[in-house]
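Here the structure is laid out as structure tokens; the discussion comes afterwards.
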Amino acid sequence: MTQTYWTSDIFDEYELAPLTDSTIQGVEKQLNIRFPKAYLDLLKVQNGGYLHLNQFPYAYEYEDGSLPIDLLYGLSLDPSEGVLQSSYLIKEWDLPSQIVLLSGDGSTWVALDYRQNQSEPSVAFFDIDLEFEATLAESFDEFLSKLYKESDDEEDEFEEDQIEFSYEQGKKVFSGHNIGKISSALLYFINTDSDTNWLLSQLKKVVVKEDEFIVQDAAVTLYRIIDKRFDEEGINRESIQEVIDMLKNHSDRAIQNFSKKAQRLFDEKQA
């Protein structure tokens, strides 16, 4: 699978632990279905999360003729996450049985539809408010092939009119409690030619903050350091591991999961 379907460098609370055969078998047994091979192949790259290709060509009620699909659920044996939430959500929103929810927000859902074909489910769309449903694709493979990224000149990068920081100012901000300034400083230093080892030393201050959202920002900054700056001469790899370990010990489960993702990337870079 050469296409990049997932968004990898953001904090993603929907990304689950790497997929295993035992998880696949366990979830399939509980739901009494078999997942399409294309869906499982996709989850073996990343087990659920936000999509990079997050638009589907469907005229529905959107003027631009596209249906936004921000994320796809992964597989987990925990009934509170991934597709095993389907049983509860189907009852909660009075959806048809014999479907497996892949994405949604309460009023609209995308699902694998096993009502007509148990071996090769179609992909269906449901709008609860409008009492409307439609088939998006006859198979998950077809659905996947049609996903695309809407062209956008605005990249999620540092903007020139944002606040600039000196190292001394950054040090004071990272030691303080102004969440907005900390977030701006993280964005500034990761998107400019800053000293990586200095930034790693500041991340150690941020990842112990009480605000979990700023810790998430710090975790994403660390991931980008590993992804984009790992080969810099003199980079302190021990500091990288230290920050990863601090994130692993955080009380928030999503942050713990993201730390494992950072660890996997770190291990791959060192191999």
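The values are calculated or read from the model by the stated rules, or taken from the named source; none is laboratory data. If you're wondering where the values come from, they're calculated on a predicted model, not measured in any experiment. Methodologically, a virtual Cβ is constructed for each residue, glycine included, from the backbone with ideal geometry; neighbour enumeration extends over all protein chains shown.
Only one of (1) free of Cβ contacts under 8 Å to residues at least 60 places away in the same chain; (2) touching a Ser or Thr at 6+ places or on another chain (Cβ under 9 Å); (3) among the aliphatic types (A, V, I, L, M) is not met by Leu31, so which one is it?
(1)
Checking the conditions here, which among Asp94, Asp141, Asp105 is of a type outside the set (Val, Ile, Thr) and more than 25 Å from the chain's Cα centre (by Cα)?
Going through Asp94, Asp141, Asp105 in turn, the sole match is Asp94.
Please note which helices (runs of 4 or more DSSP H) are completely contained in the stretch 1-114 and include at least 3 residues that are at pLDDT below 95.
86-92
Pull up the stretch 38-58, narrow it to residues that are without any contact (Cβ under 8 Å) to a residue 60 or more places away in the chain and not hydrophobic (A, V, I, L, M, F, W, C), then point me to the one that is surrounded by the most Cβ atoms within 10 Å (Cβ to Cβ).
Gly48
Check the stretch 163-171 and report whether any residue there is part of a helix (DSSP H, G or I) and closer than 21 Å to Glu233 by Cα.
Yes, the stretch 163-171 has at least one match.
Anything in the stretch 210-230 that is modelled with pLDDT under 95 and in a loop (DSSP other than H, G, I, E, B)? List them, or say none.
The answer is Glu210, Asp211.
Just to verify a result, which residue in the stretch 245-257, among those that are under 18 Å from the mean Cα position of the chain (by Cα) and in a helix (DSSP H, G or I), is surrounded by the fewest Cβ atoms within 10 Å (Cβ to Cβ)?
The qualifying residue surrounded by the fewest Cβ atoms within 10 Å (Cβ to Cβ) is Arg253.
Lys260: farther than 26 Å from Ser80 by Cβ and either part of a helix (DSSP H, G or I) or touching a Gly at 6+ places or on another chain (Cβ under 7 Å) (or both), yes or no?
No.
Taking the stretch 201-236 as the search range and keeping residues that are more than 23 Å from the chain's Cα centre (by Cα) and of a type outside the set (D, E, K, R), which one is surrounded by the fewest Cβ atoms within 10 Å (Cβ to Cβ)?
Checked the stretch 201-236; the qualifying residue surrounded by the fewest Cβ atoms within 10 Å (Cβ to Cβ) is Gly234.
Out of all the residues in the stretch 1-54, which are of a type in the set (D, E, K, R) and under 21 Å from Gln98 (Cα atoms)?
Glu28, Lys29, Arg34, Lys37
Evaluate the stretch 31-49: report whether one residue or more is among the small types (Gly, Ala, Ser) and within 27 Å of Leu187 (Cα to Cα).
Within the stretch 31-49, the subset among the small types (Gly, Ala, Ser) is 38, 48-49.
Filter again for within 27 Å of Leu187 (Cα to Cα), leaving 48-49.
Checking the stretch 31-49: at least one residue is among the small types (Gly, Ala, Ser) and within 27 Å of Leu187 (Cα to Cα).
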